[in-house]
Amino acid sequence: MKDKIIAQFKTVYGFAPDVIARAPGRLEFIGNHTDYNGGTVLGAAIDRGIWVAVRAVPGMEASFYSGYVRKTVTIDLARATKQAGEFNWVNYPLGVWSSLPAFGLKQPGGFQFLDVSDLPSGAGMSSSAAIELASALAFTGLTGEKPTRETLVKVAKKAENDFVGVPCGILDQGVSGFGQKDRLVFIDCRGPSFATVPLPADAHFWVFNTHTKHALVDGLYAARHRECMAAAKALGVSLLADASLAGLEASKGKLDATAFKRAKHVVEEIARVDAVSTALAKGDLVATGKLLTASHRSSQTQFENSTTELDFLVDKLSTAPNVFGARLTGGGFGGAVMALTGGAFAQADADRIAALYQAKFGRAPDTLHLKTGPGAEYVQR
């Protein structure tokens with residue numbers, strides 16, 4: 001991939017890049033919408049991601065080129081503002097650049113930027129966090145600074161919250177930043193603090209990408225965020241992570257029906273994260289799978305961020321041979337389902353599930369057998 005990026009950079013800009021960095025996409029293993037509620041989450045960095053190449057140039061203009069859009073846009077950094085339309089993807093690296101001073105980091109002056117991705121679009125694997133982490137590494141590579149991994153994660157999160165305008169928690173950026181091969185990333189989002197959890201050798205990830213709508217900025221994600229904050233306020237806690245299930249049940253009369261369902265999902269989901277951590281420590285994939293499916297059912301009925309297509313896939317997968325469990329992965333409202341399987345689950349099995357889906361919905365989902373991979377890293381510096 002490095003040679004491909006250098007060649008493409010030369011084609012677009014006429015020169016080789018100074019710095020190349022990559023960051024992985026992620027699978028939300030369990031912990032759906034618990035991060036911004038101060039809870040715990042488990043995620044997996046995957047072996048696909050986004051590569052960013054940059055080159056310093058004189059002045060204060062930045063040129064951006066994406067392998068997705070295949071067009072270049074040039075922005076005056078002295079008046080850097082949020083972009084719209086076909087260049088709205090630029091808001092992710094531009095937001096990172098804008099967020100650097102808040103953490104005592106230098107902003108590079110003029111630069112040329114190019115990204116290349118092998119992440120599937122709209123599958124809920126957080127391409128946004130991947131481009132943010134890769135950009136943060138690339139920009140600090142240009143300035144010669146060496147911030148901690150935790151600082152890079154916080155820069156990326158600030159970019160998405162404050163510049164892009166998505167009120168996400170730290171799951172996506174944290175997993176992309178701290179991922180390791182053959183391990184899950186455990187995040188206590190209140191700190192935040194980061195650790196890793198070993199995966200049993202026979203754990204495999206299969207992702208079924210429905211290509212149904214998955215647009216977080218369109219208000220659905222923000223609406224759930226507001227509902228959770230309102231529920232916490234009604235319960236008299238700062239964040240739903242501070243609420244207990246017993247306390248929630250006792251205060252049911254204080255919340256409207258929607259707020260109660262949102263809070264119940266979050267409180268029970270945090271408990272499921274802890275239960276999964278315990279099960280994985282014992283190498284118990286059967287118990288882990290049951291908890292994953294229970295997580296989806298809660299998303300389906302309590303948090304209402306699933307879809308008919310995602311529910312259908314979970315229904316079929318959860319009864320298929322060699323599948324431990326399945327759930328939506330990511331923010332929801334479309335996107336993809338992740339299945340935790342044993343090694344005996346093969347492409348033919350995935351194709352059978354895809355054929356059932358196509359018979360019902362008229363189109364087949366993409367099927368991906370993914371592995372864990374390393375977190376954000378330099379390719380060339």
### Elements of type helices (runs of 4 or more DSSP H) contained in segment 81-196, each with 2 or more residues being over 13 Å from the mean Cα position of the chain (by Cα) and either buried (at least 18 other Cβ atoms within 10 Å of the Cβ) or without any contact (Cβ under 8 Å) to a residue 60 or more places away in the chain (or both)
91-99, 127-143, 149-158
### Query
So which residues in segment 36-52 are small (G, A, S) and either crowded, with 24+ Cβ neighbours inside 10 Å or on the phi < 0 side of the Ramachandran plot (or both)?
G39, G43, A44, A45, G49
### Residue ID - farthest from G110 (Cα to Cα), chosen from residues in segment 2-11 that are surrounded by fewer than 19 Cβ atoms within 10 Å (Cβ to Cβ) and of a type in the set (A, V, I, L, M)
A7
### Task
Specify which of the listed residues (V286, V266, V323) is closer than 25 Å to C168 by Cβ and either modelled with pLDDT of 95 or more or crowded, with 18+ Cβ neighbours inside 10 Å (or both).
V266
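So that you can scan it fast, the table gives a plain yes or no per residue for (1) in a strand (DSSP E or B); (2) farther than 19 Å from L199 by Cα:
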residue: V12; (1), (2): no, yes
residue: F15; (1), (2): no, yes
residue: R22; (1), (2): yes, yes
residue: R26; (1), (2): yes, no
residue: H33; (1), (2): no, yes
residue: V41; (1), (2): yes, no
residue: I46; (1), (2): yes, no
residue: I50; (1), (2): yes, yes
residue: R55; (1), (2): yes, yes
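The values are calculated or read from the model by the stated rules, or taken from the named source; none is laboratory data. The structure presented is a predicted model; accordingly, all values stated were derived computationally and were not measured. Here the Cβ is made from the backbone with ideal geometry for all residues, glycine too, and neighbour counts use every protein chain on show.
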